[in-house]
Amino acid sequence: QVQLVESGGGLVQPGGSLRLSCAASGFTNSRYLMNWYRQAPGKEREWIARITSLGTTRYAESVKGRFAISRDDTKNTLYLQMDSLKPEDTAVYYCNWPAGNYWGQGTQVTVSS
């Protein structure tokens, strides 16, 4: 059974950092392209980062230079390191396996002083 379970969200002050995790089960995520998305209140879900099976990464302009996507193949886990956080980064963050059309349940990130 395929599952994606995000964790690591929380409340952080502007300029702070968080690292989100997405633990995958039921498939080997390193063999596939994986995405991170986010959805802020009242807004559509927004793609923010991807990593391919070769480790190539790509980012939305809104997070480029501040966020970094990575994976640990030994743990079958996807990560999103988020630095220099801004209030506009407040959202629910989701990991996504597009080949299987699976989504995690999301983890809330709130950036506020």
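The residues of the range 50-70 that are over 20 Å from Gly15 (Cα atoms) and part of a loop (DSSP other than H, G, I, E, B), listed by number, are Thr52, Ser53, Leu54, Gly55, Thr56.
Under the condition of being touching a residue at least 60 places away in the same chain (Cβ under 8 Å), small (Gly, Ala, Ser) and not in a loop (DSSP other than H, G, I, E, B), the residues counted in the range 1-37 number 3. Within the range 1-40, restricting attention to residues that are in contact with a strand residue (DSSP E or B) (Cβ under 9 Å, 6 or more places away or on another chain) and of a type in the set (Val, Ile, Thr), the residue that is surrounded by the fewest Cβ atoms within 10 Å (Cβ to Cβ) is Val2.
Residues checked against (1) open to solvent by less than 40 Å² (accessible area, probe 1.4 Å); (2) modelled with pLDDT under 95; (3) under 12 Å from the mean Cα position of the chain (by Cα):
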{"position": "Thr56", "(1), (2), (3)": "no, no, no"}
{"position": "Ser62", "(1), (2), (3)": "no, no, no"}
{"position": "Ile69", "(1), (2), (3)": "yes, no, yes"}
{"position": "Tyr79", "(1), (2), (3)": "yes, no, yes"}
{"position": "Ser84", "(1), (2), (3)": "no, no, no"}
{"position": "Thr90", "(1), (2), (3)": "yes, no, no"}
{"position": "Trp103", "(1), (2), (3)": "no, no, yes"}
{"position": "Gln108", "(1), (2), (3)": "no, no, yes"}
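On the stretch given as the range 71-95, residues that are under 17 Å from Phe27 (Cα atoms) and touching a residue at least 12 places away in the same chain (Cβ under 8 Å) total 8. Hey, any hits in the range 41-49 for a residue that's touching a Lys or Arg at 6+ places or on another chain (Cβ under 6 Å), closer than 20 Å to Gly10 by Cα and open to solvent by 60 Å² or more (accessible area, probe 1.4 Å)? Yes, the conditions are met somewhere in the range 41-49.
The values are calculated or read from the model by the stated rules, or taken from the named source; none is laboratory data. Only a predicted model underlies this, so the values are computations on that prediction, with no experimental measurement involved. Neighbour counts run over all protein chains shown; Cβ positions are idealised from the backbone, glycine included. What goes into the accessible areas is simple: the full protein's heavy atoms, side chains included, and nothing from ligands, DNA or RNA. Shrake-Rupley method; radii C 1.70, N 1.55, O 1.52, S 1.80 Å.
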